Amino acid sequence: MSNAPVWDRPEPPSRPSPVPLSRELIVRTAVQLADEGGLDEVSLRKVASALNAGPMRLYGYIETKDELLDLMVDEVYGEITPPDPSADWRTGLRHVAHSIRDAAKRHEWFIDLLSGRPHQGPNALVHMETTLATVRFEDIDQVLGVTGTVMAYVYGAVRREITELRAERSSGMTEEQWQRASGPYMRRMLATGRFPVLGRVMFESRDHEPAEVFELGLDYVLDGVAARHGLR
């Protein structure tokens, strides 16, 4: 096994074959499998089968499943458009936040791989560089603090949204159907008087589309950054 990261390893020389392969083709196929069936559908064996190739041929391009996952993550990073370099910090970070959410909605498995793994692929590095460059502070630790706080919100909010979508699909009920089914229990609990604020949430709060909820939370975070640093 090579010690060089997959980004630095050349692909094996091409050779005549009824099934031509490339690292790019392997990654695109893996992304499609994950989009259709989740990360459980991704393995070198399953990717090879989808490509009608022998599994051993893939090892010339990718040595482990972890490498394949890293390449898949970087492929999605390549879909996240960078902010306009001339944009102010708020506009730039808002653009990044919505671009990540859009990418994660297209590839729900992406959010599962955003934590606990180093992202050092070329597309990930461009994403990090352009995101950090949006916050033009002299103190780099403040830049890291601002971008880290915004990204923590984005990852958490998107993960919650996708988790709720998955739960709805697995239950076979829409949110409205689930609320009707759980209604009698919740009314009994609220009638105890122990949960007055939750009662207000149930009976007074307005329904918001997921995009509205995401935007509202993002506004809270950006407003907090602005207040702390005296920004607009």
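The values are calculated or read from the model by the stated rules, or taken from the named source; none is laboratory data. Here the structure is a predicted model, which means the values were calculated and not measured. In this analysis, Cβ positions are derived from the backbone assuming ideal geometry, glycine residues included, and neighbour counts consider all displayed protein chains.
Within region 197-204, can one find any residue that is among the β-branched types (Val, Ile, Thr), surrounded by 12 or more Cβ atoms within 10 Å (Cβ to Cβ) and either at pLDDT 85 or above or over 30 Å from ARG232 (Cβ atoms) (or both)? Among the residues of region 197-204, not one is among the β-branched types (Val, Ile, Thr), surrounded by 12 or more Cβ atoms within 10 Å (Cβ to Cβ) and either at pLDDT 85 or above or over 30 Å from ARG232 (Cβ atoms) (or both), which makes the answer no. Evaluate the following for ILE26: is it touching a Phe, Trp or Tyr at 6+ places or on another chain (Cβ under 7 Å), surrounded by 11 or more Cβ atoms within 10 Å (Cβ to Cβ), within 30 Å of ARG166 (Cβ to Cβ) and not small (Gly, Ala, Ser)? For ILE26, the condition - touching a Phe, Trp or Tyr at 6+ places or on another chain (Cβ under 7 Å), surrounded by 11 or more Cβ atoms within 10 Å (Cβ to Cβ), within 30 Å of ARG166 (Cβ to Cβ) and not small (Gly, Ala, Ser) - is met. Among the residues of region 111-148, the ones that are farther than 22 Å from LEU39 by Cβ and of a type outside the set (Ser, Thr, Tyr) come to 20 in all. The helices (runs of 4 or more DSSP H) located wholly in region 1-71 that include 1 or more residues which are of a type in the set (S, T, N, Q) occupy 23-37, 44-50. All conditions but one from (1) outside any loop (DSSP other than H, G, I, E, B); (2) surrounded by fewer than 15 Cβ atoms within 10 Å (Cβ to Cβ); (3) assigned by TED's automatic domain parsing to the domain that holds PRO118 apply to SER86; the one that does not is (1). Surrounded by 14 or more Cβ atoms within 10 Å (Cβ to Cβ) and modelled with pLDDT of 95 or more: does that describe ARG106? It is false that ARG106 is surrounded by 14 or more Cβ atoms within 10 Å (Cβ to Cβ) and modelled with pLDDT of 95 or more.
Does ASP219 meet the test of being under 28 Å from MET151 (Cβ atoms), within 20 Å of the chain's Cα centre (by Cα) and without any contact (Cβ under 8 Å) to a residue 24 or more places away in the chain? Here the answer is yes, as ASP219 does meet what is asked. Looking for whichever is surrounded by fewer than 18 Cβ atoms within 10 Å (Cβ to Cβ) and not charged (D, E, K, R) here; the options are GLY148, GLY121. Which one fits? None of the others qualify; the one that does is GLY148. Identification of helices (runs of 4 or more DSSP H) wholly contained in region 105-196 with 3 or more residues that are in contact with a Leu (Cβ under 7 Å, 6 or more places away or on another chain) yields 140-171.
Residues in region 127-163 that are among the β-branched types (Val, Ile, Thr), without any contact (Cβ under 8 Å) to a residue 60 or more places away in the chain and closer than 17 Å to ALA97 by Cβ: 8 in all.
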